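Inspection log for the structure reproduced underneath, given as structure tokens.
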Amino acid sequence: MRIKDLIIDDRQRGVFRVHRSTMTSPGLFEREQDFIFNRCWIYLGHESEVESPGDYRRRTVAGRPLFFARGKDGQVRVFLNSCPHRGALICRRDEGNAEVLQCFYHAWSFNTQGELVGVPDQEAYGPYFDRNELGLREPPRVDSYRGFYFVSFNPCVEDLVSYLAGAREYLDLIVDQSETGMRVVAGSNKYNTKANWKLLAENSLDGYHLVPTHQTYVQYIASLGTDESGDTMAARPPGVSRSLGNGHTVSVNVARNGRPIAHWHPLFGEAAREPMAQVRQRLVEKHGEERAYLMADTSRNLLIYPNLIINDVVAITIRYFEPLAPDNMQVTAWHLVPREESDTVLASRLDSFLTFLGPGGFATPDDVEALESCQAGFRATETEWSDLSRGMLKSDPGTSDELQMRGFWRQWHANMQGLSKAYVQDGQPTETESATLLGNAD
Ligand code: FES
Ligand SMILES: [Fe+2]
């Protein structure tokens, strides 16, 4: 099948279908590496993860082993984790602090600026042996936005701010909630899912599945005796979905189950009620009622194309997924919190995070099951197409519609055809492409 025909995007009839070979084909998986992961900006990590000189963190980004470290000079640098001598992984721990990293194979050592500072028996090399030529290599492009670091293996990639397009404003809304900056809490959740990585991009912004898939959680919330008890699809406030350009999309809801930043809920316990009210008051004073409303009283699921999700919902989760095979991905989730947060609120936040999004929480096992079930279903190859048409003819699709997924898929389709931007067909009505922030979501 030609790449061009993998997606049916008929905006007049409101039909959007994706061919399921996109989820199973090894050839398309390889093409994604070349046309997407080698060309876009890909998330690496957060500046707070390497707070002090010598701190380092290991990552896999676009299939490459990398690590990033804060040098003695305070600068964050990113290195390819491969010894310039004969290739061994130099950084062999996920995190740590070191002045010097020594390759275990022949003991060459490198400082956190990437310079080769030690070679055993260097005399055996000739007079032209130059340590300066044998430092650690860096990816062609590294940049950060408000503490979030990205790398690109495409030297000609557009600048990060342009790439982030409308997603920037939503990152701002997340970061500005804090008085003194955000930090990633130590530790992460890491798990493999036997499903295509794009299924998680879809699932992370899919409001349609919430009630049927997460029945147990919905019932648990209802059991707390709140006014959420009558939660049905029909009773939920609509929320909105936005396509933000470059494949980034967002779904925004009126905060429902409480948000640790300022929106109290019985889930957080009485002790957290007062500190949360104070946070909200501070946000109003600093940012005005309207922006404070967006920060504290709406929640957002943000997809930064291609493989980063930030859920600013019951907690702020950074979720990164690395494709391993057409039917396998590794998911890592970190927890982002305001630095100044009180212990009481932080405890509520961590508890809420693990309750819903933790690997053993209410949501994650349900979602893993759903994704792996889809992947298993794709073996019935005679059912060729998946349908993502929901809300396509609406003027303002909601979070239970599928605009969020269509925005992702259109960019994917453009990239896979070698185009850098999604192409809008002539003479067809376009779906909302908006970089504007949500107003009052009620
Ligand atoms: S491979 Fe690293 S020192 Fe030889
Ligand atoms: Fe879910």
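Only one of these is closer than 22 Å to Gln375 by Cβ and in contact (Cβ under 8 Å) with a residue 40 or more places away in the chain: His85, His19. Name it.
So the residue among His85, His19 that is closer than 22 Å to Gln375 by Cβ and in contact (Cβ under 8 Å) with a residue 40 or more places away in the chain is His19.
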> If you scan the range 99-126, which residues turn out to be in a loop (DSSP other than H, G, I, E, B), within 27 Å of Phe150 (Cα to Cα) and within 12 Å of ligand 1 (Cβ to nearest atom)?
Replying inline: Cys103
> Among the residues of the range 337-356, is any under 27 Å from Ala62 (Cβ atoms) and within 16 Å of ligand 2 (Cβ to nearest atom)?
Replying inline: no
>> Just the residues that are in contact with a Gly (Cβ under 8 Å, 6 or more places away or on another chain), closer than 20 Å to His19 by Cβ and of a type in the set (Asp, Glu), please, taken from the range 378-425.
In response: Glu402
> more than 16 Å from ligand 1 (Cβ to nearest atom) and closer than 24 Å to Val337 by Cα, is that true of Gly96?
Replying inline: yes
> From the set of residues in the range 59-93 that are within 13 Å of ligand 1 (Cβ to nearest atom) and polar (S, T, N, Q), which is surrounded by the fewest Cβ atoms within 10 Å (Cβ to Cβ)?
Replying inline: Ser82
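In the range 72-88, is there at least one residue being over 23 Å from the mean Cα position of the chain (by Cα), among the aliphatic types (A, V, I, L, M) and modelled with pLDDT of 95 or more? Talk me through it step by step, then tell me what you get.
First, the residues of the range 72-88 that are over 23 Å from the mean Cα position of the chain (by Cα): 72-75, 82-88.
In the following step, the residues that additionally are among the aliphatic types (A, V, I, L, M) were identified as 88.
Filter again for modelled with pLDDT of 95 or more, leaving 88.
Within the range 72-88 (the criterion being over 23 Å from the mean Cα position of the chain (by Cα), among the aliphatic types (A, V, I, L, M) and modelled with pLDDT of 95 or more), the answer is yes, since at least one residue qualifies.
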> Taking the range 1-27 only, how many residues are in a helix (DSSP H, G or I) and either β-branched (Val, Ile, Thr) or over 17 Å from Asn328 (Cβ atoms) (or both)?
Replying inline: 5
> Could you list, in sequence order, the residues of the range 183-195 that are closer than 14 Å to Glu372 by Cβ, within 16 Å of ligand 2 (Cβ to nearest atom) and out of contact with any Leu (no Cβ under 7 Å at 6 or more places or on another chain)?
Replying inline: Tyr191
>> Whether any residue in the range 40-49 is in contact (Cβ under 8 Å) with a residue 24 or more places away in the chain, away from ligand 2 (no atom under 16 Å from the Cβ) and more than 17 Å from the chain's Cα centre (by Cα) is what I want to check.
In response: no
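The values are calculated or read from the model by the stated rules, or taken from the named source; none is laboratory data. Since the model is a prediction, treat every value here as computed from it, not as a measurement. Virtual Cβ from ideal backbone geometry, glycine too; neighbours counted across all protein chains shown.
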